[in-house]
Amino acid sequence: MSDPQTSDLQTLEHQIVGDIAAAGDEAALEAVRVSTLGKKGSISALLATLGRMTPDERKQQGPLFNGLKDRVTAAIATRKDQLREASLNQRLNTETVDVTLPVREAPSETGRIHPISQVIDELVTIFADMGFAVAEGPDIETDDYNFTKLNFPEGHPARDMHDTFFFNPKPDGSRLLLRTHTSPVQVRTMLTQKPPIRVIIPGRTYRCDSDQTHTPMFHQVEGLVIDKGSHLGHLKWILAEFCKAFFEVDNVKMRFRPSFFPFTEPSLEVDIQCRRDKGEIRFGEGEDWLEILGCGMVHPNVLKNCGLDPDEYQGFAWGMGIDRVAMLKYGMSDLRQFFEADVRWLNHYGFRPLDFPTLAGGLSA
């Protein structure tokens with residue numbers, strides 16, 4: 001094999017320089033580099049022949065080959081800088097920013113917490129300060145936990161199909177259902193924990209009903225205290241402290257009226273003092289009354305059904321609609337809007353995600 005002539009090197013260099021100049025982007029330029037300086041490139045092949053040459057031939061051809069390599073390497077680097085500059089100029093021309101536009105808010109500023117989530121956080125904050133834990137249970141329940149163990153007799157209206165969402169019967173005739181209240185979690189708690197018990201139970205509940213103040217799925221929170229010395233005085237104090245903290249008023253008058261619930265005896269409904277003014281309700285003042293919850297002492301039959309001796313233990317429970325107290329506190333008129341996923345409504349009534357409710361800083365601050 002004869003050594004390449006100088007003219008052949010000039011021709012090769014002219015061809016390579018032309019390919020470098022013709023490269024329209026960095027990918028094409030990289031292809032030229034690989035075809036010339038890569039392991040199997042044309043210049044690499046020339047350099048590989050140096051090992052087979054005599055010392056005199058290497059002395060003559062080596063500087064020519066290495067000079068060609070250096071010039072091609074420099075030409076590639078120069079072309080690469082040109083392509084990057086052209087690409088940057090193109091981006092600057094196409095990605096212009098109108099500095100007169102308002103700055104976009106961060107996601108933490110534009111996102112909103114749903115009022116239901118906010119109110120649940122407020123409830124947990126208030127009752128946690130009183131020493132209550134949070135208990136949870138399944139949305140799909142048995143008839144036994146939802147009704148029987150809570151002292152609902154057979155044929156009670158709440159068992160009727162028009163109130164309860166039942167599943168199809170099982171082969172043995174039993175039917176699961178969507179819980180109509182969070183009270184089954186009270187049962188589960190009493191069956192698995194030894195007194196003293198102090199829990200609140202927020203969660204979803206389901207009933208066949210839909211209008212301005214009712215939806216098929218809604219939210220409840222219940223409270224349960226089981227101990228040897230629990231009595232109605234404790235219950236009244238807890239509810240009074242809750243109302244003052246939740247509605248953020250210094251004083252609140254409450255009215256307890258006799259009522260009936262299968263799972264409590266005696267049973268009471270609670271009204272709080274309010275003033276209705278121009279479509280708004282203000283608590284802690286005025287001469288009107290508004291019902292907000294039901295409560296009572298846990299029925300001895302419920303204690304027996306949960307394995308507790310009613311001669312040794314007694315307790316009290318209460319329950320209220322989370323959606324309802326949210327509407328009362330924040331002035332929302334239609335319950336159905338809670339579940340319509342209207343972003344405009346959520347932007348108006350929602351809460352900033354980093355504004356955590358605290359008793360010291362204010363629940364709705």
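The values are calculated or read from the model by the stated rules, or taken from the named source; none is laboratory data. Small disclaimer: the values here were computed from a predicted structure and weren't measured. With ideal geometry, Cβ positions are generated from the backbone for all residues, glycine too; neighbour counts draw on all protein chains shown. Just so you know, the surface numbers come from the protein's heavy atoms only, side chains and all, with ligands and any DNA or RNA stripped out. Shrake-Rupley method; radii C 1.70, N 1.55, O 1.52, S 1.80 Å.
Worth a mention:
- Under-5 Å amide H pairs with M332, H placed in peptide plane, nonlocal only: none
- Average accessible surface for segment 112-204: 48 Å² per residue, computed with a 1.4 Å probe over protein heavy atoms with every protein chain in place.
- Within a straight-line Cα-Cα reach of under 22 Å, K59 can be paired with the following lysines, leaving aside sequence neighbours fewer than 8 residues apart in one chain: K69.
- Solvent-accessible area, 1.4 Å probe, carbon plus sulfur percent, for the chain: 52 percent
- Only helices enter the 222 nm calculation for the chain: every DSSP H run of n ≥ 4 contributes -39,500 (n - 2.57), and dividing by all residues gives -12500 deg cm²/dmol, rounded to 500.
- Relative contact order computed over the chain (Cα-Cα under 8 Å; 6+ residues apart), in percent: 16 percent
- Amide H contacts for D288 (H built 1.01 Å from N in the peptide plane; partners 5 or more residues away or on another chain; cut-off under 5 Å): C274, R276.
- Extending 7 Å from Cα along the Cβ direction at A45 and again at A240 yields two label points whose distance is 10.0 nm.
- For segment 221-284: rounded, prolate or oblate by the Cα gyration tensor [a/c cutoff 1.5]: prolate
- Summing Lys and Arg as +1 and Asp and Glu as -1 over all other residues whose Cβ lies under 9 Å from the Cβ of P300 gives a net charge of -1.
- Note on segment 61-179: Cα-Cα pairs beyond 23 Å make up 72% of the total pair count.
- Three-way shape call for segment 150-243 based on the alpha-carbon gyration tensor, with the a/c threshold at 1.5: oblate
- Karplus (6.51, -1.76, 1.60) ³J(HN,Hα), θ = phi - 60°, over segment 168-173, in Hz, Gly and Pro reported as x: 4, x, 7, x, 7, x
- Surface per residue (accessible, 1.4 Å probe) for segment 1-110, Å²: 73 Å²
- Approximating the spin labels as points 7 Å out from Cα along Cα→Cβ, the T54-to-H231 distance works out to 12.3 nm.
- All other residues whose Cβ lies under 15 angstrom from that of D227 are scored, Lys and Arg at +1 and Asp and Glu at -1, for a net of 0.
- Against the compact-protein benchmark of 2.2 N^0.38 Å, the Cα-based radius of gyration of segment 166-309 scales to 1.22.
- Heavy-atom SASA rank of K253, K149 (probe 1.4 Å, accessible area, largest first): K253, K149
- Label separation (C208 vs H348): 3.4 nm, computed from points 7 Å beyond Cα along the C-beta direction.
- Surface exposure of segment 207-246, expressed per residue as accessible area with a 1.4 Å probe, stands at 44 Å².
- Matching label, mean projected area of the Cα convex hull in nm² computed from the structure shown, candidates [x] 16.3; [y] 17.3; [z] 36.5: [z]
- Placing R0 at 56 angstrom, the Cβ-Cβ distance between K80 and F256 gives a FRET efficiency of 0.10 after rounding to 0.05.
- 3J(HN,Hα) couplings calculated from phi for segment 250-262 with the Karplus curve 6.51 cos²θ - 1.76 cosθ + 1.60 (θ = phi - 60°) are, in sequence order, 6, 9, 8, 8, 10, 10, 9, 10, x, 8, 9, 9, x Hz; Gly and Pro show x.
- Here D309 and V103 are evaluated by their C-beta separation; at R0 = 45 Å the FRET efficiency comes out at 0.10.
- Hydrophobic long helices, here whole DSSP H runs in the chain with Kyte-Doolittle means of at least 0.0 and Cα atoms spread over 15 Å or more along the helix axis, are found at 6-22, 26-37, 115-129, 232-246.
- For a straight C-alpha distance cut-off of 20 angstrom, the aspartates and glutamates reachable from K80 (same-chain residues fewer than eight places away being disregarded) are E13, D19, D25, E26, E30, D70.
- By the rule of a C-alpha distance below 14 Å, with chain neighbours fewer than 8 residues away ignored, the aspartates and glutamates paired with K244 are E122, D129, D271, E285.
- Applying a threshold of 22 Å to the alpha-carbon distances of K236/K304; K228/K253; K228/K304; K170/K194 flags K236/K304; K228/K253; K170/K194 as lying beyond it.
- Taking 0.36 nm per residue of separation and subtracting the current Cα-Cα distance, fully stretching the chain between T192 and D355 would add 55.1 nm.
- S87/E30 FRET efficiency (R0 22 Å; Cβ-Cβ; nearest 0.05): 0.95
- Shape call, segment 261-351: gyration tensor on alpha carbons, a/c limit 1.5: oblate
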